[in-house]
Structures are given as C-alpha cells and as structure tokens.
C-alpha cells in the first residue's frame, strides 16, 4: 500500500502477537521477581512503600510512567496531528511543577512520615475532611484508570482486531497479579521496564517515518507548511482551548495537583530512603517528561507528514481521532514483523504502568484512611492479606469503570479534565492548610465543597455542550490525495481542507459559549482559587484558629525551599535530634507510618 492514500492496512502478524504477548509476560515476570525477592519482608510498609528504601532514578522513571499512560502514547500524537505543537508547551509546565512539588510538598510530607497523602488533612483539619478527600481521590482514580484501560483497548481493537474485552480483562489481570504479590517495589520496577518500551515505540514510528519521507527535515518542513508549528499563541482569552497562558498557567497548576497531592505520585517519592533522593526523583522525572512529550509530539508531526494529503479519519478509514497512531503503525511498520507488536506493547505498557500505580495507591489510602482507623490492632499479617485482597478488588473495579469511560470524548482531554475538576479543589484545600494559619476545619469543608461544585458545573457542562471550533483551534486536514472518494454531498469542495469538528446544535444555552467553553486547563485553577477564597471567608466568619493550637511542622518552612539537605529548624522539627543532624534519613524508616500517624494525631486538638 502506498502510504498516505487511504484504504485498509495490514493486520497483525504472528510475530506481532509474539512480541506483544512476550512484553506483557515480561512485565508480569518483573513483578513476580520482586515478589519472590522480597518474600521475607512481609510488612505493610514494605508492601505499600517498598520499605522506604528506594532510590531516585527508578522512582523517577516510575513517576514518569505512571501518568505517561496508554492515553499519552495514543492521545498525544493525535493531539499534535490535529492541533499542532502547542501541547509541547507542557514541557514548561512540567518544569514548574517539578520544582514547586520538590521544594514545597516533598519536605512537608517527608518529615511527617505519612503513607496516605490524606493523613495530612486529618492532622491539619479533622477526620471528616480526610474522609472526604480520600473518597474524592478514590472516585477520580477509579474513573481515570477505567479510561486508561478502555481507550487504548478500543483504538487498538478497531485497528489490529484484538478482542476488546479480552484485552481489557487481560490487562487488569496482569496488573492485579504483580500488584497483589509484589507491592510497590513490583510496581516501580515494572514501570521502569514499561517506560523503556513506551519510548521505543515512539522512536520506531519516527525512524520509519523519516525513512519514508526522506529525513527529519522533510517532516519538520511539512509540519511548518501545514501550520502545525504555531505553538506560541499569547491570546489571553480563557475560552481558547490551548494558548501559551492556558498551558503554562493552567497546565502547571493542574500538573502540580497531580504530582503534589495525588497518592499515586506521592507514594513513590516518599518511598525514597532520603530527602535528597526524594527531591532528586522529581527533577529526574522532569527530564523523563520532557523526553516523552517531545517524542510523542514529534510522532504526531511524523503522522501529519505521511497523511498530509489524505486524512484517514475524513476518508472513513478509521472511526475516531484516537485511532490515528495505531493506523499509522500498521501502515508503515507492517513490513517489519514484530515492530507493530512492539508499538502495541508500548501502548499497553503505558496502560499497565498507570493501572498498577493506581491499584497500589488505592490500596494504600483505603488501608490507612479506612481500615486502620476502624481496626487499629490488626496484626501485620492480617494487614498484608487485606492489602492483597484490596489489590484484587480495585483491579476488578477499574476494569468495571472502563464501561463508564467509554462515554467520554477525546481521551487525552477527558483524562486531564477529570484531574482538573477533582484535584483542583483538593489542591486548594492543601494550600489552605499549608500556607494559611487562620484556616480552620469549617473553612476547609466549605472551601472544598464550593470549589468542587464549581468545577463539576463547568466540567459537566463542557461535556454536554462542547466548545465551538473557533475556541478549540483545530487545524485543517486534506483528502485531496486519497484513492477512495467520499460522498460529495457531505464534503465540499473535494480538494479543500476538511474540518473534523461537528457543527454545534442550534439549541445551545447562553452559558454554552461562555462558561461551558472555558478551557479545560483552567478547571484546576478555578477549583483551587474557589476553595481558597470560600475557605478563608468561612474561616474568618467562624473565628479562624483562635481556639486551636496548630503544630508548626504542618506548615511550609522557609528552610524547605530550594535546599536539598538542610535540616529543619530545631523549634519546628518533628524528627528526633539525631535525624535533625543528618537531614537525610527517612523519618518513617524505623517506625511504621501508622505509628507516626497515631502519635501525631494524638497531639491534635479537634476543631
């Protein structure tokens, strides 16, 4: 088949199935190896936090892989193909996010020796706010993970013929297997393996595309002529989907909400053996994010160069934009047996890494926030069995949530919208507790509920009434070079660019073109600011913290900022004197997080 002229593409070969299956089994083997290797270390801290002995590089790769999921592997190149390179500006957001998280949140969580991120909410506010925060996280993570499982499976099913629900169940089963047996160590080391596979998939696409198009310079020139390189749009309009400001301002805050307070990420860097390693893991992770987004965006430009004269979606060769990259892979790599299988393995490696991370994090917050407070005297063996049982339960739940995720729109935007709607108000709650001594429990509840109501209102409205094309800024495509004709009554003129955004229905309400058209990247800032505003207002109206003495170690210290190994001020430190001298030993290394939490919460006077 001449690439770029439309029509069917070859299907999977035997070698493709062998490579795909071998990669999935190798991931399971890594998890099984970690389970056997640590079979004598059966404590809950070992299962959930790897004994708090991890180092920066594997944790950093795991941090990158956790949210560089199959959605990223499939969705980001499709985004670059259809909307151009503005998505690459997220590299700036990753840099700001990594620095802020490493210098503000890591020292706070690290010295408190927590296992669940939401333990902090009980220490700073009260038990109710902790339960609300944990519940919001569980709902968000289950829905997002269902999307991670479903979307790549659907796209690859329609291109490769792999059975949809068979792949869904197999994905969940593999993750359940090594999560239940190996705990966090199995998740982290499997993520490292899967990260390498994901990057290899992008490199294979770019390399073969360069061969077909006569070099990387030709791909870049085609992207320039097609208007795909106009990344810097400084229009301050908050209704435009992607501009410099929506990505750098809104995107940075959204990624802070993911890396700073999301249990899946926090659980990794607090598993490091020293504060230096914990901070370093985020900076190394930043480099990994830069590499991943750059390869993903250039894969999208490669796709545009090949399909610049015949868009497969407009030509009815595929049914959804998210199927673009699988279609390209089968079109240009089918002559190399096993390579398409490598790409499918890359997409599913991203899925496996995210699902396993989510399962492990869901188990951690459930045990720490619900199980241990109800049954505080459980033996380590019983807690370990509960951890394994919950791994199975949440794995099955995430597979079930894949059905809900099937009703969402573009997988990349929908995934980030979920984080903005739920994590935004939660981030505002943490800011309220960490930076404002006057904030109290009443203010926390009022602020969180207010922020959540606003983000759900605008987010659900945007799903029901999508923004108009002039706000989404979709670029044109062509079908002039296709060898199959379309119905001329639906596409006219034949040789012109074809818009792929459906026309809006005539009965749009007044809010549809204003409030509901707010860029999805501003959902998080909206929730954060609303939580802060209403939280401070309610706190002031109810007397602030006049009746409650709050421990100083629950606030951000000046000594935390931009200092890898500075010990905390002696009047504020919560570590023993010996640990203060070094400033490097994990404060929870010698005692379980449950013991630390008990000791800390006993000192807190309920508001």
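Remarks
- Any hit, segment 269-278, residues being at pLDDT 85 or above, surrounded by fewer than 21 Cβ atoms within 10 Å (Cβ to Cβ) and assigned to a helix (DSSP H, G or I): yes
- Checklist (1) surrounded by fewer than 22 Cβ atoms within 10 Å (Cβ to Cβ); (2) modelled with pLDDT of 75 or more; (3) more than 13 Å from residue 142 (Cα to Cα); (4) under 22 Å from the mean Cα position of the chain (by Cα) applied to residue 396, failing item: (3)
Every residue, every condition in (1) part of a helix (DSSP H, G or I); (2) more than 21 Å from the chain's Cα centre (by Cα); (3) modelled with pLDDT under 90; (4) under 24 Å from residue 295 (Cβ atoms), yes or no:
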| position | (1), (2), (3), (4) |
| --- | --- |
| 166 | yes, yes, yes, no |
| 183 | yes, no, yes, no |
| 186 | yes, no, yes, no |
| 229 | no, yes, no, yes |
| 233 | no, yes, yes, yes |
| 241 | no, no, yes, yes |
| 248 | yes, no, no, yes |
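- Scanning segment 442-458 for residues being surrounded by fewer than 22 Cβ atoms within 10 Å (Cβ to Cβ) and either closer than 15 Å to residue 132 by Cα or at pLDDT below 90 (or both) gives a total of 6.
- Pairing each residue of segment 198-227 that is without any contact (Cβ under 8 Å) to a residue 40 or more places away in the chain with any residue that is surrounded by fewer than 16 Cβ atoms within 10 Å (Cβ to Cβ) and not in a helix (DSSP H, G or I), provided the two are 6+ apart or on different chains, yields no C-beta distance under 8 Å.
- Residue 314, sole failed condition from (1) in contact with a strand residue (DSSP E or B) (Cβ under 7 Å, 6 or more places away or on another chain); (2) buried (at least 24 other Cβ atoms within 10 Å of the Cβ): (2)
Each row is one residue, and each column tells you yes or no for (1) free of Cβ contacts under 8 Å to residues at least 40 places away in the same chain; (2) more than 30 Å from residue 133 (Cα to Cα); (3) touching a helix residue (DSSP H, G or I) at 6+ places or on another chain (Cβ under 6 Å); (4) surrounded by 24 or more Cβ atoms within 10 Å (Cβ to Cβ).
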| position | (1), (2), (3), (4) |
| --- | --- |
| 245 | yes, no, no, no |
| 300 | no, yes, yes, yes |
| 310 | no, yes, no, no |
| 327 | no, yes, yes, no |
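- Per this entry, residue 129 is counted among residues that are assigned to a helix (DSSP H, G or I), over 20 Å from the mean Cα position of the chain (by Cα) and within 18 Å of residue 263 (Cβ to Cβ).
- Only one of the listed residues (500, 537, 511, 579) is buried (at least 19 other Cβ atoms within 10 Å of the Cβ) and either assigned to a helix (DSSP H, G or I) or modelled with pLDDT under 50 (or both). That residue is 579.
- Test: residue 209 is part of a helix (DSSP H, G or I), over 27 Å from the mean Cα position of the chain (by Cα) and surrounded by 19 or more Cβ atoms within 10 Å (Cβ to Cβ): yes
- Within the set 35, 65, 78, 45, the sole residue that is within 22 Å of the chain's Cα centre (by Cα), assigned to a helix (DSSP H, G or I) and at pLDDT below 80 turns out to be 65.
- None of 373, 340 is at pLDDT 80 or above and under 30 Å from residue 13 (Cα atoms) except 340.
The values are calculated or read from the model by the stated rules, or taken from the named source; none is laboratory data. Here the structure is a predicted model, which means the values were calculated and not measured. Every residue, glycine as well, gets a Cβ built from its backbone with ideal geometry; the counts of neighbours run over all protein chains shown.
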